[in-house]
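Structure record follows, encoded as C-alpha cells.
The values are calculated or read from the model by the stated rules, or taken from the named source; none is laboratory data. Predicted model, so just to flag it, every value in this text is computed and none were measured. A quick note on method: Cβ atoms are made from the backbone with ideal geometry, for glycine too, and the neighbour counts reach across all protein chains shown. These area figures cover heavy atoms from the full protein model, side chains too; ligands, DNA and RNA do not enter into them. Shrake-Rupley method; radii C 1.70, N 1.55, O 1.52, S 1.80 Å.
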Amino acid sequence: MLILFVFIITTHCYGQIINEISPYPLPGIPELIELHNSSKHIISLYGMTIEDNTTKQMIGDIEIPVNGYIILTKDTLSLKQVFPYPSDTRFIQ
C-alpha cells in the first residue's frame, strides 16, 4: 500500500521535517512515517491529513515538541518491538 502524507507548510511549520517514509517495509515491520521538529517552537499537526489512494485520515490535534519525534504507523506495538526508539518518541496509530 502506498502512503501519501499531505503536508501543508505554513510560516509556523518551517522546522518540521519528514525524517523517514517506509511505504514498503520488510516483512514484520509496519509502514511508518517519522516526523521530526528541528525548530525552536512546538509544531501543531492540527488540520493535517494522511492518505492513500482509498482513505483519508485526519492526524488530529497533535503537537510535536521542540526537537521531538512523532511516528505515524498502523501497528505501534510491532514497530516498538523491531526498533529501539527514545522513550520520549510519540507514536500515533
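Scan segment 25-93 for trypsin sites (Lys or Arg not before Pro) in coil per DSSP, keeping those whose Cβ has at most 12 other Cβ atoms within 10 Å, and list them by number. Working shown, then result.
Numbers: sites: Lys40, Lys56, Lys74, Lys80, Arg90; in loops: Lys40, Lys74.
Sparse-neighbourhood loop trypsin sites (Lys or Arg not before Pro): Lys40, Lys74.
Any chance you could look up the accessible area of Ser78 with a 1.4 Å probe, heavy atoms only, rounded to 10 Å²?
Its accessible surface works out to 30 Å², give or take rounding.
Taking Cα pairs under 8 Å and at least six residues apart, what relative contact order does segment 20-93 come out at, in percent? Write out the running numbers ahead of the final one.
Values: 125 pairs, mean separation 22.7, N = 74.
Here the relative contact order equals 31 percent.
Leaving out ligands, DNA and RNA but keeping every protein chain, what accessible area does His36 have, in Å² rounded to the nearest 10, with a 1.4 Å probe?
20 Å²
Using each residue's phi in segment 78-93, evaluate 6.51 cos²θ - 1.76 cosθ + 1.60 at θ = phi - 60° and report the 3J(HN,Hα) Karplus result to the nearest Hz, with x for Gly and Pro.
4, 5, 5, 6, 8, 10, x, 9, x, 4, 8, 6, 9, 10, 10, 10
Using each residue's phi in segment 54-64, evaluate 6.51 cos²θ - 1.76 cosθ + 1.60 at θ = phi - 60° and report the 3J(HN,Hα) Karplus result to the nearest Hz, with x for Gly and Pro.
Once rounded to whole Hz, the list reads 10, 9, 9, 10, 5, 6, x, 8, 10, 10, 9.
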